[in-house]
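Derivation of every value follows stated rules applied to the coordinates shown; laboratory data play no part. Everything numeric here is computed off the predicted structure, so don't read it as measured data. So basically every Cβ, Gly included, is an ideal-geometry build from the backbone, and we count neighbours across all protein chains shown.
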Amino acid sequence: MKLRRADGLLLALALLLEGALIGRYWQPRSTGHTALVQGPTEQIRVDLRRPQQLQIQGAQGPSTLVVRDGAIAFTDSPCQRKLCIRSGAHRHAGATTACVPNRVSVSIAGRRVDGFDALHY
Amino acid sequence: MPSSVSDRLRALIPASLLILALLAGVWLTRPAEPAQHSLRLYGLGTLIDVQIAGHLNDADYVRIERDLVARLEAFQTRWSVLRDGDLGQLNATLAEARSAPVAAPLVPLLQRAQDICQRSDGRFDPAIGRWIALWGFENDEAMRTTPPRPEEISALRSPSWCAARFASSEAGVNVTLPQAGARLNFGGMAKGEAVEELLEVLHAAGQRNVLVNAGGDLKVLGQSVDRPWRIGIRDPRAEGTPQALAALALRSGEALFSSGDYERYFEHAGVRYHHLLDPATGMPGRRAIAATVLHDDAALADAASTALFIAGPDAAPAVAAALQVDQWMVIDTAGVQHTSPALRARLEDLNEAAPG
């Protein structure tokens with residue numbers, strides 16, 4: 001039985017599909033593309049690949065977050081010390097930041113890429 | 001001669017089977033997502049991250065979260081200087097009197113704190129609460145922007161907890177100090193005790209592989225999903241995205257606590273005024289920028305890191321020995337790491353260019 005040109009093409013396509021699937025499934029499921037923004041009463045799932053600005057209601061008022069270049073950062077929050085804003089932009093899986101007085105936390109889905117279970121400070 | 005449609009289809013069968021086999025191979029060998037659960041609680045002025053390695057059903061998750069929240073709330077009521085709990089009531093009495101009854105749940109930690117105060121030669125002293133209030137570090141949201149005047153500081157000098165005397169009777173335990181006016185603040189030790197209590201809740205719920213991380217201070221039981229709990233020690237001077245300067249694999253039951261000038265502070269005229277006050281002067285300690293202790297006892301690790309921060313690198317070895325702590329690190333004001341041999345042997349240096 002002789003393979004025809006169309007069969008060869010089909011095989012090539014299958015191998016390409018295979019490569020794509022390996023790329024998709026041989027990675028950790030969460031590679032830092034999704035952030036979970038959690039407030040006292042609501043939870044927002046954020047796609048970090050899409051630049052956007054969002055607001056979530058906290059215990060003291062609204063916190064504002066901005067997604068840019070695959071990273072998420074607090075840009076405004078009603079707390080006094082603004083530690084959440086000073087903590088900068090977060091893009092890596094497993095990263096966490098929070099505005100503690102306002103009860104708003106941000107965590108990026110997935111296991112930390114640096115191999116740590118926690119950062120001590 | 002053109003082949004029939006059925007011949008063509010038959011010719012495709014091996015290729016189709018091959019494709020199916022390859023797809024099945026990819027699916028079956030995909031890396032499994034580790035069974036790890038994370039719980040977040042607010043308390044002790046920080047975000048507490050609880051990680052549980054292993055499978056957990058929804059009902060257990062909800063029950064554990066409820067029990068942790070209840071235990072944390074009770075702990076905070078008992079130990080907060082801003083609430084009318086056991087410590088609040090003791091402080092109200094000690095403000096006016098040199099002697100006061102101590103509520104039974106406070107007794108063990110108060111006695112341990114006195115022992116640590118004496119062993120550290122007063123470098124850890126929970127009776128400096130009036131100074132902590134004066135500096136505005138009692139409440140994170142009411143921090144001041146200028147330092148208090150020297151005469152305000154000297155006016156609020158209080159008796160040291162090292163001099164506390166406990167007396168037990170049928171009525172309970174009484175504590176006596178040389179003078180009235182002490183205000184106890186367990187900010188330098190209570191977080192360690194709270195972490196121990198949260199681990200008790202998790203252990204009682206049957207969880208043997210857990211990490212409780214209270215704003216960077218943490219203790220572990222068991223191990224992570226497929227290896228020991230691995231912790232990065234953050235560079236205290238790294239701005240923005242956190243950078244680790246060393247890594248450490250923790251054994252079951254170990255706690256890692258730090259005290260640093262980066263935790264709570266304000267800046268005035270280019271000077272950083274932080275919350276770790278020297279019990280000898282009432283001023284922020286100036287001999288170190290961070291101190292870290294690794295020990296099985298989280299409350300001791302917490303208090304000892306405060307004592308070593310105040311002690312600075314020169315006195316740290318003697319203070320650590322007096323506290324029976326052998327794994328510690330102090331980072332001096334020039335950023336140089338002074339690490340005990342027992343801890344150095346376990347650290348994985350991630351920044352070999354760093355001094356020390």
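Using the Kirkwood radius over Cα pairs, work out the Stokes-Einstein diffusion coefficient for the stretch B:94-147 at 20 °C and 1.002 mPa s, in µm²/s as a whole number. Reported coefficient: 162 µm²/s. The helix-based estimate of mean residue ellipticity at 222 nm for chain A, built from -39,500 (n - 2.57) per DSSP H run of four or more residues and divided by its residue count, is -6500 deg cm²/dmol to the nearest 500. Of A:K82, B:K191, the sequence from fewest to most neighbouring Cβ atoms within 10 angstrom is A:K82, B:K191.
This ranking places B:W27, B:W229 by how few other beta-carbon atoms lie within 10 Å of each, fewest first, which gives B:W27, B:W229. Considering only B:G253, B:G312, B:G172, the Gaussian network model of chain B with Cα springs below 10 Å gives its largest mean-square fluctuation to B:G172. Relative to the longest principal axis of chain B, what angle (0 to 90°, nearest 10) does the C-alpha long axis of helix B:298-322 take? Value to nearest ten degrees: 70.
Once the Cβ-Cβ distance of B:A334 and B:Q243 is raised to the sixth power relative to R0 = 22 Å, the FRET efficiency obtained is 0.75. The angle between the Cα long axis of helix B:107-119 and the longest principal axis of the Cα atoms of chain B comes to about 80 degrees, rounded to the nearest 10.
Mean-square fluctuations from a GNM of chain B, with a 10 angstrom spring cutoff on Cα atoms, peak among B:L18, B:L41, B:L308 at B:L18.
Measure nothing but the geometry: give the 0 to 90° angle between the long axis through the Cα atoms of A:5-25 and the longest principal axis through the Cα atoms of chain A, rounded to 10°. Tilt of helix A:5-25: around 20 degrees. When +1 charges are put on Lys and Arg Cβ atoms and -1 charges on Asp and Glu Cβ atoms, the dipole computed for chain A relative to its Cα centre reaches about 240 debye. Taking chain A as a Gaussian network of alpha-carbon nodes connected by springs under 10 Å, the highest mean-square fluctuation of the residues A:I85, A:I108, A:I72 belongs to A:I85. Arranged from fewest to most other beta-carbon atoms within 10 Å of their beta carbon, B:I13, A:I56 become B:I13, A:I56. Net charge in the neighbourhood of B:N57 (other residues with Cβ under 14 Å of its Cβ; Lys, Arg +1, Asp, Glu -1) is -2.
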